[in-house]
Structure formats: C-alpha cells, structure tokens
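The next block holds one structure in the form of structure tokens; read it before the comments.
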Amino acid sequence: MNKEDDNYFAITPQAIDELKALRRKHELTDNVFIKIVSRGNMDKGVKFNIKFVSEVGEFDSVYKVKDLQFLVDGRTLFYLNDFEIDFVNEGGKGNFIFRNLKNKKAL
C-alpha cells in the first residue's frame, strides 16, 4: 500500500535532513526505503529502529513523508502516532531519537 502525505507520523526537519544526508553519503537509489521497526509494547516500553532496506515486507506500507519513502508495518505505525522522530547531535555523536509526545521522554 502506498500513501503520500506528510502527516502519518511526526518527524523533525533535523531528522529529515540527516536521513537525506545519509542517503547521499551512501549513494542510495530511490528503490531503497527507510524502514522503521518497533519492538516491545506500550506496557513494557517500545523501542524503535531505523534502517535502509530495498524490499517491501509482506505487512509493510510505503509512506512518502517530506520527499522520503518510509516502510512501516501497521503495528509500528500504531505506536508512532504518539512519537516524534528527531535527530540530535551531542558531543560530536548524532542519534535518531523517538520522543514520546505524551510524556516528553525520548527513547
């Protein structure tokens, strides 16, 4: 399923810029997607991961957000509704963080 909208999940301009920079740095083609995966649950805590993949999984949907193509399965999208994806650079080290918008704590 392909969806084109910038409102499926919250992502900061810093995160968008960093993902675009990583795509350029690694010379990734348009058929390489940004996959967001989740582990855990809301009771015990959800952990997210971002990776680049070239194949769409059976339960993945493609979301075009800010000119980038993301792969997200339905379970992960459900959890992403409460989170904002950001990129922070502290002490020379950069990391993507998933900030819980309900309690303002980054995971």
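Observations
- Residue list for the stretch 56-69, filter: touching a residue at least 60 places away in the same chain (Cβ under 8 Å) and closer than 23 Å to residue 24 by Cβ: 62, 63, 64, 65, 66
- Scanning the stretch 53-67 for residues that are hydrophobic (A, V, I, L, M, F, W, C) and farther than 18 Å from residue 80 by Cα yields 53, 56.
- Complete set of residues in the stretch 73-107 that are in contact with a Ser or Thr (Cβ under 6 Å, 6 or more places away or on another chain) and β-branched (Val, Ile, Thr): 76
- Yes/no for residue 75 being in contact with a strand residue (DSSP E or B) (Cβ under 7 Å, 6 or more places away or on another chain), of a type in the set (D, E, K, R) and within 16 Å of residue 96 (Cβ to Cβ): no
- Test for residue 11: is it at pLDDT 85 or above, surrounded by 13 or more Cβ atoms within 10 Å (Cβ to Cβ) and in contact with a helix residue (DSSP H, G or I) (Cβ under 8 Å, 6 or more places away or on another chain): no
- Count - residues of the stretch 55-93 that are more than 16 Å from residue 38 (Cβ to Cβ) and either touching a helix residue (DSSP H, G or I) at 6+ places or on another chain (Cβ under 7 Å) or not in a strand (DSSP E or B) (or both): 10
- In a residue-by-residue description of the stretch 29-46, the property of being closer than 14 Å to residue 98 by Cα, in a helix (DSSP H, G or I) and either at pLDDT 95 or above or within 17 Å of the chain's Cα centre (by Cα) (or both) applies to no position.
- Qualifying residues in the stretch 48-85 (those that are more than 15 Å from residue 19 (Cβ to Cβ), of a type outside the set (Val, Ile, Thr) and at pLDDT 90 or above) - the one surrounded by the fewest Cβ atoms within 10 Å (Cβ to Cβ): 58
- Considered as a group, the residues in the stretch 86-106 that are modelled with pLDDT of 85 or more and basic (Lys, Arg) include one that is farthest from residue 46 (Cα to Cα), and that residue is 93.
- The set of residues in the stretch 78-107 that are touching a residue at least 40 places away in the same chain (Cβ under 8 Å) and closer than 11 Å to residue 10 by Cα comprises 80, 81, 83, 84, 85, 86, 98, 101.
The values are calculated or read from the model by the stated rules, or taken from the named source; none is laboratory data. Fair warning: this is a prediction, and the values are worked out from it, not measured in the lab. Virtual Cβ from ideal backbone geometry, glycine too; neighbours counted across all protein chains shown.
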